[in-house]
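The structure appears right after this line, and notes come after that.
Values in this text are rule-based calculations from the coordinates and carry no lab data. Note that the coordinates shown come from a computational prediction; the quantities given were computed from them, not determined experimentally. Here the Cβ positions follow ideal geometry from the backbone for every residue, glycine too, while neighbour counts run over all protein chains shown.
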Amino acid sequence: MHCNFCNKEAVVNLRPFRVKLCSEHFLEHLTNRVKRTILRYKLIEEGEKILVATSGGKDSATLLHILHKLSNELNFKVYGFHLNVGINDFSEESEEVAVSLFKTLGIEYKVIRVNEIFGLSITEISKEVKRPICSICGLTKRYITNFVAVYSNLNKIATGHNLDDIFSYVVKSFISYLARRPHAYAWG
Ligand SMILES: [Zn+2]
């Protein structure tokens, strides 16, 4: 399988676009798609300061790389942000990955630990309010990320997700909607 734009070995086969691409051309394709989407929907305007929420995972790492790459061309500035939720060793490893990404790209950044803000870890908050960790975690992340962006005078927040995340978010929201309004869907 060869890249459609050069003779190198293709690493992906993008069926919806009917192209096979090598790693360089895949990155170029992805960056152009992000750029076109930003411009078409005016997601970022010139001179804006964008906080990129970086978990240390692949989705946000990709977003950070691409926005950093586009920031010169489209004239905006990227700031890195990592929230350490303090659940276990995985949180520490994620923080290290995020920080090394910021340093490699030369991006100004901030790291905040959940217990610095609330005096409790996510696990403790979850026990306190008797709700599952994942529901507390999402809420806490959104709250603190918004807080940091507002108090640092930044214009927008960028978060990285993939279609699987969005699918499960939609399905979960729909199920909880049904659960809250059972009468609307009852027969007879
Ligand atoms: Zn190629």
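Is it the case, given these coordinates, that K20 is closer than 23 Å to D164 by Cβ and among the basic types (K, R)? I'd like the intermediate steps shown before the answer.
Details: closer than 23 Å to D164 by Cβ: yes; among the basic types (K, R): yes.
Spelling it out, K20 is indeed closer than 23 Å to D164 by Cβ and among the basic types (K, R).
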Worksheet item: Can you name the number of the only condition in (1) closer than 30 Å to T140 by Cβ; (2) within 16 Å of the ligand (Cβ to nearest atom) that C22 fails?
Response: (1)
Discussion item. If I filter the stretch 70-89 down to residues being in contact with a Lys or Arg (Cβ under 8 Å, 6 or more places away or on another chain) and among the charged types (D, E, K, R), which single residue comes out as surrounded by the fewest Cβ atoms within 10 Å (Cβ to Cβ)?
Written reply: E73
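Right, L43: under 26 Å from F81 (Cα atoms) and assigned to a strand (DSSP E or B) or not? Walk me through it before giving the result.
Numbers: under 26 Å from F81 (Cα atoms): yes; assigned to a strand (DSSP E or B): no.
Against the criterion (under 26 Å from F81 (Cα atoms) and assigned to a strand (DSSP E or B)), L43 does not qualify.
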Worksheet item: Considering the stretch 98-135 alone, what residues qualify as being within 17 Å of A53 (Cβ to Cβ) and crowded, with 18+ Cβ neighbours inside 10 Å?
Response: A98, L101, F102, I107, Y109, V114, I122
Fill in: Near pairs, Cβ below 8 angstrom, 6+ apart or cross-chain, from the stretch 22-44 (farther than 16 Å from H65 by Cα) to any residue that is among the aromatic types (F, W, Y) and within 14 Å of the ligand (Cβ to nearest atom)
C22/F5
